[in-house]
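Everything below concerns the one structure shown next.
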Amino acid sequence: MKLLPSPLMLALAVAAGGAQAVEWRGLLDLRAVDSNAERSFLDSGLGKTRYDADSPRLSIGQAVLRGDADLSDSIAASVELSADQQRRGVVDVREAFLVWSPVPEGAWKTRVRAGFFFAPTSVELDYDSVGWVPKHTISSSAINSWIGEELRTNGIEWSARRLGRYSGDAFDVGVLAAAYTGNDPTGTLLTWRGWSISDRIAGRADTVKLADLPVYRAPNGRLLKQSRDMHAFREMDGKLGYYAGANLNFGARLEFAALHYDNLTDPQVVKDGQYGWRTRFDHISAVWRPQGTWELSMQSMRGDTYMGRNGAGVDFQSWFVLASHPLGPGTAAVRYDRFSVTEHDNIPSDPNGEAGYGVALAYDWPLAEQLSLMTEALLVRSDRPARVLIGETQLQKERSLTVSLRWRF
């Protein structure tokens, strides 16, 4: 089912807004990395981090260009393009959408988005920047790392917010709902690779090379129709998925949000080397700013995914807490992650369970108005039995030190 125009058409809509009406912003992220990790998931391994011991010490972490155009008083268009040295294609579309924001007539403010965009889930983001990048760390939590790679709304989202100041209330309340296509393979990575802790964001046409696991390896694999090239944003069964959520804000001091996601995919469908995965989860988050300088945030996710007649299936869960506070000229942050996958399929030779945790310590130092230097020490410990099937160590402790020079323009 083709629900909406392609991201390319929406990108052209931004350009058609006229040179004077388009605001262009960008992010260039230069990296220096030292890591002891075994083979990264980006090199067909089962490591949890973006960089491993064989990764280049110096690289471009990401380059992002975003254009926003006002097409009328209430309609705007946005497109975000990205590139990095680990991407197979040179440039890809990260987001492309139209927004309709009618003038509110009372306490309720509504908005409709249509196109290819992220669901409003992360509490880690720097919403004043571009690129769906964390505000206080270089890597994202396991939850938002997965969302960045396997989830994108390719559809329509409606949201409404009741502003408390119109009625004298101390809080704002909001609701949202969306229908989308193109997330049918969602669950593939969580099952056959597991969680990751990285800052890799998939583009519209992006692919990930899966590890060479026996379950889809010829000639004796049970699931030979699965290609090792995983395409996250394919539509295969012509059915719409949905998500719905709510949020409650007490000014900027305290924020709560919850969301339920279900792609409603037919788990029997197989197309172009991809299996359909029925994936659903519940997600909650909270942010607390008790003294104006401290910021404490958390997210939690629990769900399941399966394909075929229980040919492969897992329950998954993860949560993290993050604390940040100004320190000297910059801001220090610490994040603690827990994650696990529990298998419930009928292929004993395809172990997909795992458990692990991650700790990130970061410091963001502003050098100038548009330039900052961020450092992050990351430790990820994980136990995944499937690693022995490709000659890797079952229990891995991955350590890395990353320095990121970010230029926002």
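The values are calculated or read from the model by the stated rules, or taken from the named source; none is laboratory data. This structure is a prediction, so every number in the text was calculated from the model and none was measured. Virtual Cβ from ideal backbone geometry, glycine too; neighbours counted across all protein chains shown.
Overview of values
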item: Yes/no for Asn310 being on the phi > 0 side of the Ramachandran plot, surrounded by fewer than 17 Cβ atoms within 10 Å (Cβ to Cβ) and out of contact with any Pro (no Cβ under 8 Å at 6 or more places or on another chain); result: yes
item: Exclusive hit being of a type in the set (A, V, I, L, M, F, W, C), farther than 30 Å from Val270 by Cβ, in contact (Cβ under 8 Å) with a residue 12 or more places away in the chain and touching an Asp or Glu at 6+ places or on another chain (Cβ under 7 Å), set Ala312, Ala333, Ala286; result: Ala286
item: Filtered residues of the stretch 376-405 (kept if more than 23 Å from the chain's Cα centre (by Cα) and either surrounded by 15 or more Cβ atoms within 10 Å (Cβ to Cβ) or farther than 23 Å from Asp199 by Cα (or both)); result: Pro385, Ala386, Arg387, Val388, Leu389, Ile390, Gly391, Glu392, Thr393, Gln394, Gln396
item: Scan of the stretch 251-274 for residues that are aromatic (Phe, Trp, Tyr) and modelled with pLDDT under 95, ordered by number; result: none
item: Qualifying residue in the stretch 35-57 (condition: buried (at least 18 other Cβ atoms within 10 Å of the Cβ), of a type in the set (S, T, N, Q), in contact (Cβ under 8 Å) with a residue 12 or more places away in the chain and outside any loop (DSSP other than H, G, I, E, B)); result: yes
item: Single condition Arg289 does not satisfy, out of (1) surrounded by 15 or more Cβ atoms within 10 Å (Cβ to Cβ); (2) closer than 19 Å to Leu224 by Cα; result: (2)
item: Residues of the stretch 186-210 satisfying the condition of being at pLDDT below 95 and among the charged types (D, E, K, R); result: Asp199, Arg200, Arg204, Asp206, Lys209
item: Of residues in the stretch 61-117 being aromatic (Phe, Trp, Tyr) and surrounded by fewer than 16 Cβ atoms within 10 Å (Cβ to Cβ), the one nearest to Thr207 (Cα to Cα); result: Trp100
item: In the stretch 341-358, the residues that are assigned to a strand (DSSP E or B) and surrounded by 15 or more Cβ atoms within 10 Å (Cβ to Cβ); result: Val341, Glu343, Glu354, Ala355, Gly356, Tyr357, Gly358
item: The stretch 298-311 - residue that is in contact with a Lys or Arg (Cβ under 9 Å, 6 or more places away or on another chain) and assigned to a strand (DSSP E or B) and, of those, farthest from Gly194 (Cα to Cα); result: Met307
